[in-house]
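Student: Let me give you the structure first, and then I'll get to my questions.
The values are calculated or read from the model by the stated rules, or taken from the named source; none is laboratory data. What you see is a predicted model; the values in this text were computed from it and never measured. Don't worry about glycine lacking a Cβ; one is built from the backbone with ideal geometry, like all the others, and counts go over all protein chains shown.
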Amino acid sequence: MSTLNLSLFDKSVAFTLILMGLITALIVWRGSQVGVQIVSITPADGATDVSTRAEIEITFDKIMSGAVDDIPFAFEPPIGGSIRWDGSRLIFSPDTAFDQNTTYRVSLTDQFFSQSGRLLLDQPSWQFQTGQIRLLYIAPVANSGNQLFTMNPFNPDEAPLQLTQEPQGVFDYALSFDGAMIAFSALHEDGRSDLKIVPADASRSPTMLLECGEAECTGVAWMPDGQRLIYERRNIPTPFAAPGPSRLWWLNLDSSETMVVFDDTQNLGYGARWSSGGEWFSYVAPASEVVQLYNIHDGRNVVIPSRLGEIAEWNPQGDMLLVPEIQRSETGGFAVHLVRSKPDSGQLQDISGEGMAVEDTSPKWSPDGAWIVLTRKTSGTTMGKQLWLMRPDGSESRQLTDESQVHHSFPVWSPDGRYLAYQRYSLEEVDARPSLWLLDVESGDARELMTPGFRPTWLP
């Protein structure tokens, strides 16, 4: 019987291999004991002045399985919502806005596993406080044109905050989906304009987004993720000349790269609007007299007739939209009705009521999608438009204002769906100026906020 004789070197190698195996086993065992870790939580514990439209985001240190049966969050006060996974991130989107000036306590209520089977061992709890909702609007300033302001519509003693000081003024603006940033068109003396950006909380001064050169850049439409936007570009090769036709362009906010949305030079458009999911955007195609819907993932197109050329309005869920369109009324004249469309089916429904002799425009969905506010007047009359409410199918319509010599426009819902801010203009007063008003939808009470002021938008 032979005996295995190992040299000192062989014994050292064997010992090293055994030791490495033990260390590896220890690391694997320790890793299984450590489990999944949380890298960050947004809003963070103790955060204040949080947007009422904020999403809750948890980032893990591993790619997660995403196998969660129910909503894995408990809120106090309670609020409903939905979740989605993005690799190692869990994102909660509330169904309605958080209440303003309210402390929310949040905890996780389910077990979470990574794709490798590791468990989240510690279930965190934290709290944050929402801020005061405000109103964003445009108002004239002596010697510098129109500028952007914000105000607290619930405290008349609080002075408005001026966000911009553009020498030639601001033409228009657009608020990002999360309510954090404002892109606006800054005018030049020669009629051209650039795109700039400013935080909604005025934490820093406006900065340049895009120098447009011999062009007018307006009509920004933010993508829901805030990474890109679409804008309207009209060439003005000669200073003070009339702008050319509008084409839609992309702008990447990280790289500042800009390019046309459609290569076809005859594909003109304006009034881009995004669905909340970021899958579809709509725009007015004036040459074809339609509102065009385009799916950026698969290239699908849906066409909605629109001889009026009004901008479409998406519902909060992102699965249907409203388009004002010219119709024949029961009196034989022309009317303007709201047509509801679902892009997946192409189905069209007149929700103003067949044959109704009305002009319905400026529709806005309530935050929960249960109501639509619109401006309405009788077709063919010179009366001012009034504010009306109706359900998405056209039922339960009721009038909110009744001032035939006052024109109401630009209605916008507060994040909680209780208030409407709108623009009001007297048709009787000489040298009348547009003013901003606030309407309590529950009580019907209305009061003036600011004169002059126009184009309001809520800051969540």
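Student: When you scan segment 50-65, how many residues do you find that are farther than 15 Å from Thr103 by Cα and crowded, with 18+ Cβ neighbours inside 10 Å?
Tutor: Within segment 50-65, residues that are farther than 15 Å from Thr103 by Cα and crowded, with 18+ Cβ neighbours inside 10 Å number 4.
Student: So, of the residues in segment 398-421 that are over 23 Å from the mean Cα position of the chain (by Cα) and assigned to a loop (DSSP other than H, G, I, E, B), which turns out to be surrounded by the most Cβ atoms within 10 Å (Cβ to Cβ)? Give the steps one after another, and end with the answer.
Tutor: From segment 398-421, those over 23 Å from the mean Cα position of the chain (by Cα) are 398-408; that's our starting set.
Cutting the leftovers down to assigned to a loop (DSSP other than H, G, I, E, B) gives us 400-405.
Values: Leu400: 19, Thr401: 22, Asp402: 8, Glu403: 16, Ser404: 16, Gln405: 11.
Once the filter is applied, the top-ranked residue is Thr401.
Student: In segment 320-365, what residues are touching a residue at least 12 places away in the same chain (Cβ under 8 Å) and at positive phi?
Tutor: Hits for segment 320-365 are Gly346, Gly353, Gly355, Ser362.
Student: Still on this model: Checking the condition assigned to a strand (DSSP E or B) and either among the basic types (Lys, Arg) or modelled with pLDDT under 95 (or both), which residue from Arg433, Arg424 passes? Even if it seems obvious, please write down each step before you answer.
Tutor: Values: Arg433 fails: assigned to a strand (DSSP E or B).
Criteria check complete, one pass: Arg424.
Student: Can you tell me how many residues within segment 360-392 are within 27 Å of the chain's Cα centre (by Cα), assigned to a strand (DSSP E or B) and within 23 Å of Leu427 (Cβ to Cβ)? Even if it seems obvious, please write down each step before you answer.
Tutor: To start, the set of residues in segment 360-392 that are within 27 Å of the chain's Cα centre (by Cα) comprises 360-376, 385-392.
Adding the requirement that they be assigned to a strand (DSSP E or B) leaves 360-365, 372-376, 386-390.
Now drop any that are not within 23 Å of Leu427 (Cβ to Cβ), which leaves 360-364, 373-376, 386-389.
Total satisfying the criteria: 13.
Student: Right, something else. Against the definition (surrounded by 21 or more Cβ atoms within 10 Å (Cβ to Cβ), of a type outside the set (A, V, I, L, M, F, W, C) and part of a loop (DSSP other than H, G, I, E, B)), how does Ser395 come out, yes or no?
Tutor: Spelling it out, it is not the case that Ser395 is surrounded by 21 or more Cβ atoms within 10 Å (Cβ to Cβ), of a type outside the set (A, V, I, L, M, F, W, C) and part of a loop (DSSP other than H, G, I, E, B).
Student: What do you reckon, is Ala432 touching a residue at least 24 places away in the same chain (Cβ under 8 Å) and not aromatic (Phe, Trp, Tyr)?
Tutor: no
Student: Next question, about the same structure. For segment 436-460, name all the residues that are over 23 Å from the mean Cα position of the chain (by Cα) and not in a strand (DSSP E or B).
Tutor: Selection gives Glu442, Ser443, Gly444, Asp445, Thr451, Pro452.
Student: Could you please give the count of residues in segment 287-299 that are touching a residue at least 40 places away in the same chain (Cβ under 8 Å) and surrounded by fewer than 19 Cβ atoms within 10 Å (Cβ to Cβ)?
Tutor: 1
Student: Let me ask you something else. Considering only residues that are of a type in the set (D, E, K, R) and under 13 Å from Ser352 (Cβ atoms), look in segment 311-330 and name the one that is surrounded by the most Cβ atoms within 10 Å (Cβ to Cβ).
Tutor: The qualifying residue surrounded by the most Cβ atoms within 10 Å (Cβ to Cβ) is Glu325.
Student: Please find, within segment 331-357, the residue that is nearest to Phe281 (Cα to Cα) out of those that are among the hydroxyl-bearing types (Ser, Thr, Tyr) and crowded, with 18+ Cβ neighbours inside 10 Å. Don't jump to the end; show me each part of the working.
Tutor: Step one: filter segment 331-357 for residues among the hydroxyl-bearing types (Ser, Thr, Tyr), giving 331, 341, 345, 352.
Add one more test, that the residue is crowded, with 18+ Cβ neighbours inside 10 Å, and what stays is 341, 352.
Details: Ser341: 13, Ser352: 24 Å.
My answer is Ser341.
Student: Any idea which of Asp194, Asp254 is at negative phi, of a type in the set (Asp, Glu) and part of a loop (DSSP other than H, G, I, E, B)?
Tutor: Only one candidate qualifies: Asp254.
Student: Name the residue that is surrounded by the fewest Cβ atoms within 10 Å (Cβ to Cβ), counting only residues in segment 121-145 that are assigned to a loop (DSSP other than H, G, I, E, B) and not aliphatic (A, V, I, L, M).
Tutor: Ranking the qualifying residues of segment 121-145, first place goes to Asn143.
Student: Surrounded by 15 or more Cβ atoms within 10 Å (Cβ to Cβ), among the small types (Gly, Ala, Ser), in contact (Cβ under 8 Å) with a residue 60 or more places away in the chain and out of contact with any Gly (no Cβ under 7 Å at 6 or more places or on another chain): which single residue out of Gly179, Gly191 fits that description?
Tutor: Unique residue meeting the criteria: Gly179.
Student: Cβ-Cβ distance below 6 Å, separation of 6 or more or different chains: which pairs start in segment 220-244 with a residue that is more than 21 Å from Ser256 (Cα to Cα) and without any contact (Cβ under 8 Å) to a residue 12 or more places away in the chain and end on one that is polar (S, T, N, Q) and part of a strand (DSSP E or B)?
Tutor: Listed pairs, sorted by first residue: Gly244/Asn235.
Student: Say whether the condition of being in contact (Cβ under 8 Å) with a residue 40 or more places away in the chain, touching a Gly at 6+ places or on another chain (Cβ under 9 Å) and not in a loop (DSSP other than H, G, I, E, B) is met by at least one residue in segment 154-168.
Tutor: Looking for residues that are in contact (Cβ under 8 Å) with a residue 40 or more places away in the chain, touching a Gly at 6+ places or on another chain (Cβ under 9 Å) and not in a loop (DSSP other than H, G, I, E, B), one finds none in segment 154-168, hence no.
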